[in-house]
Amino acid sequence: MTSDTLPPVNQEDIEWAYYLWNSLANPDGRWVLPGVGAYVRSGVKELTLKEIHFSKPTENAFSQSVFDQHHWIMVLADNIGWKVVESVTLATDNEGEINIPDDLVGHVSVCANRCGAVFRVEELNTMQQYIKIQEDLTCPCCGEKHSVDPSLAGVHIVLDDKSYRMNQEKIIKEEE
């Protein structure tokens, strides 16, 4: 979903946001938007996204992800002269808290099965999708166990599957 397909902000939305956000204690008044996360009032006309809930790349019945809904809140804030910033300190999904150890940020490895998957450990970013490497070190692309660097067990990584997809397309063409 792109910004031009988000539902338009209407007068009712503006009034709701105005009264809700202005009623939050300044600083540190907390508002939880179900299915998105927790915002904290961080200034006179400023909200900060502190927690992301349901951080897995899933969409609702309207094909909207948690990030689409967050961006709609940003558009709403613009309409009433507020600012929304991101300073996420906790991201959770159905499996629990996102695990990105600081000492592994910047680590890159590839599937030992040579399927083409590249695993990167990156800092938490609201626009990024993360996949948890299972304890049995199964590659999220080819499904082979013990094919991921053991230091990534239980870590949420950014998966670059472009080479894997190219290899799969090549195999399909060869079989035709």
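Key figures
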| quantity | calculated |
| --- | --- |
| Extreme residue, nearest to Gln128 (Cα to Cα), among residues of region 43-70 that are surrounded by fewer than 18 Cβ atoms within 10 Å (Cβ to Cβ) and modelled with pLDDT of 90 or more | Glu46 |
| Answer from Lys132, Lys145 - the residue that is out of contact with any strand residue (DSSP E or B) (no Cβ under 8 Å at 6 or more places or on another chain) and of a type in the set (D, E, K, R) | Lys145 |
| Boolean, Ile73 is out of contact with any Asp or Glu (no Cβ under 9 Å at 6 or more places or on another chain), surrounded by 15 or more Cβ atoms within 10 Å (Cβ to Cβ), modelled with pLDDT of 85 or more and β-branched (Val, Ile, Thr) | yes |
| So Pro8, is it modelled with pLDDT under 80 and either of a type in the set (D, E, K, R) or out of contact with any Lys or Arg (no Cβ under 7 Å at 6 or more places or on another chain) (or both) | no |
| When residues of region 32-42 are limited to those that are at pLDDT below 90 and either touching a strand residue (DSSP E or B) at 6+ places or on another chain (Cβ under 6 Å) or over 29 Å from Ile157 (Cα atoms) (or both), the one surrounded by the fewest Cβ atoms within 10 Å (Cβ to Cβ) | Val32 |
| Close pairs (7 angstrom Cβ cut-off, 6 or more residues apart or separate chains): in the same structural domain as Glu51 (by TED's automatic domain parsing) and assigned to a helix (DSSP H, G or I) in region 66-80, among the basic types (Lys, Arg) and surrounded by fewer than 18 Cβ atoms within 10 Å (Cβ to Cβ) anywhere | Ala77/Lys83 |
| Criterion (assigned by TED's automatic domain parsing to the domain that holds Arg30 and either of a type outside the set (Lys, Arg) or touching a helix residue (DSSP H, G or I) at 6+ places or on another chain (Cβ under 6 Å) (or both)) met by exactly one of Leu137, Leu90 | Leu90 |
| Number of positions in region 7-24 that are exposed (fewer than 15 other Cβ atoms within 10 Å of the Cβ), among the aliphatic types (A, V, I, L, M) and touching a residue at least 12 places away in the same chain (Cβ under 8 Å) | 1 |
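The values are calculated or read from the model by the stated rules, or taken from the named source; none is laboratory data. Just so we're clear, the structure is a prediction, and the values are computed from it rather than from any experiment. Every residue, glycine as well, gets a Cβ built from its backbone with ideal geometry; the counts of neighbours run over all protein chains shown.
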